[in-house]
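The values are calculated or read from the model by the stated rules, or taken from the named source; none is laboratory data. These figures come from a predicted structure and were not determined experimentally. Ideal geometry is used to build each Cβ from the backbone, glycine not excepted, and the neighbour counts take in all protein chains shown.
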Ligand code: HSE
């Protein structure tokens, strides 16, 4: 395969843009020119000469010498406008924008076919872990039962600091922001949105369903208390935010994002700080575990570089599971065993527990462990925002 000379128009020069620049500069075997960098803020001091910068996106989108648009901004709507215009102009795209991809997944897949261009986005899920390419290439004909893991570095960093060092939640979050792991709006991380967008992207490649993220239940870690950490520690668990997708029958899958108890004999137990970890379970390959840095400029930049390089060899996603069409249904009718820490009995009633195996009512805290249906959690998703509750998937089979 011949390699195309890569002329890049880069959008965004924040944490990931600068990370990519460093990674490109240090790469020995691969050369690509960043012809122009488009940024929004005219006043911000940049660490490299301003010669390459522009504030006008058309200077990249209409430049025929640029054959690859690398989109690394954090405004999902503007990112969608940029990649749409780039593809219409016949340019290939590399993006790390999980919110944009998850929200417009099918449109982006269709546009690639319509305009005969390629869009790669390995950095959008799991950052440095090459999970999308693995799902596309290695798992193309595998009977994949399920995939679960840690897909958000910020929440994993916070949970690690709270568990290992007893750091308060706010302080741990500030550290994660300071280290460049968090989104500009960190509620996207701590409320579980970011993990959900990544899960939707993974679901598209693992099972060929392009789900609207609004259809998927998510619950983050922003309501965690010292009591929850203490409870987990006493039982020998760590709490991790674990998105899950898996088959419920031959043609049907479910998926969701929930905190999960992890015991010390499990792979994810030692996936700490900003690291991500992904476990796949399949018929023939059986269980596999992937781990790597899931956030940060250089880790994410390395995945972007890998896409830029793959693009230069003509690589494109085939969306093989979508083409095969084996999975046709999505369900939320799925039972889970959860730990629910709560205050108000009325809140607990809304969960519709089917079976209860443990119940505790102390002066300041109450919890219950029992079986709930995912469709009930989804039905009360709006109310959950205002409730003083914390939910953890125990991970036990029901
Ligand atoms: N805020 C994201 C995270 C960045 O913490 O995982 C990487 O996608």
Some residue of segment 140-162 being at pLDDT 95 or above, more than 19 Å from the chain's Cα centre (by Cα), more than 14 Å from the ligand (Cβ to nearest atom) and assigned to a helix (DSSP H, G or I): yes
Go through segment 76-86 residue by residue and tally those that are buried (at least 20 other Cβ atoms within 10 Å of the Cβ) and either closer than 15 Å to residue 58 by Cβ or modelled with pLDDT under 95 (or both). 3
When residue 167 is run through (1) away from the ligand (no atom under 13 Å from the Cβ); (2) crowded, with 16+ Cβ neighbours inside 10 Å; (3) not in a loop (DSSP other than H, G, I, E, B), the failure sits at (3)
Those residues of segment 110-125 which are touching a residue at least 40 places away in the same chain (Cβ under 8 Å), part of a helix (DSSP H, G or I) and over 17 Å from residue 198 (Cβ atoms), in sequence order: 112
Enumeration of residues in segment 42-64 that are loosely packed, with under 10 Cβ neighbours inside 10 Å and in a helix (DSSP H, G or I): 51
Among residues of segment 212-223 being within 16 Å of the ligand (Cβ to nearest atom) and either under 18 Å from residue 276 (Cα atoms) or buried (at least 21 other Cβ atoms within 10 Å of the Cβ) (or both), the residue farthest from the chain's Cα centre (by Cα) is 221
Residue that is part of a loop (DSSP other than H, G, I, E, B) and closer than 23 Å to residue 122 by Cα, where the choices are 181, 256: 181
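Yes or no, residue by residue, for (1) over 20 Å from residue 146 (Cα atoms); (2) in a loop (DSSP other than H, G, I, E, B); (3) away from the ligand (no atom under 14 Å from the Cβ); (4) without any contact (Cβ under 8 Å) to a residue 24 or more places away in the chain:
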position	(1), (2), (3), (4)
177	yes, no, no, yes
197	no, no, no, no
205	no, no, yes, no
210	no, yes, yes, no
Test: residue in segment 337-359 that is under 20 Å from residue 224 (Cβ atoms), within 16 Å of the ligand (Cβ to nearest atom) and surrounded by 18 or more Cβ atoms within 10 Å (Cβ to Cβ): no
Limited to segment 127-139, what total is found for residues that are within 12 Å of the ligand (Cβ to nearest atom) and either in contact with a helix residue (DSSP H, G or I) (Cβ under 7 Å, 6 or more places away or on another chain) or in a strand (DSSP E or B) (or both)? 2
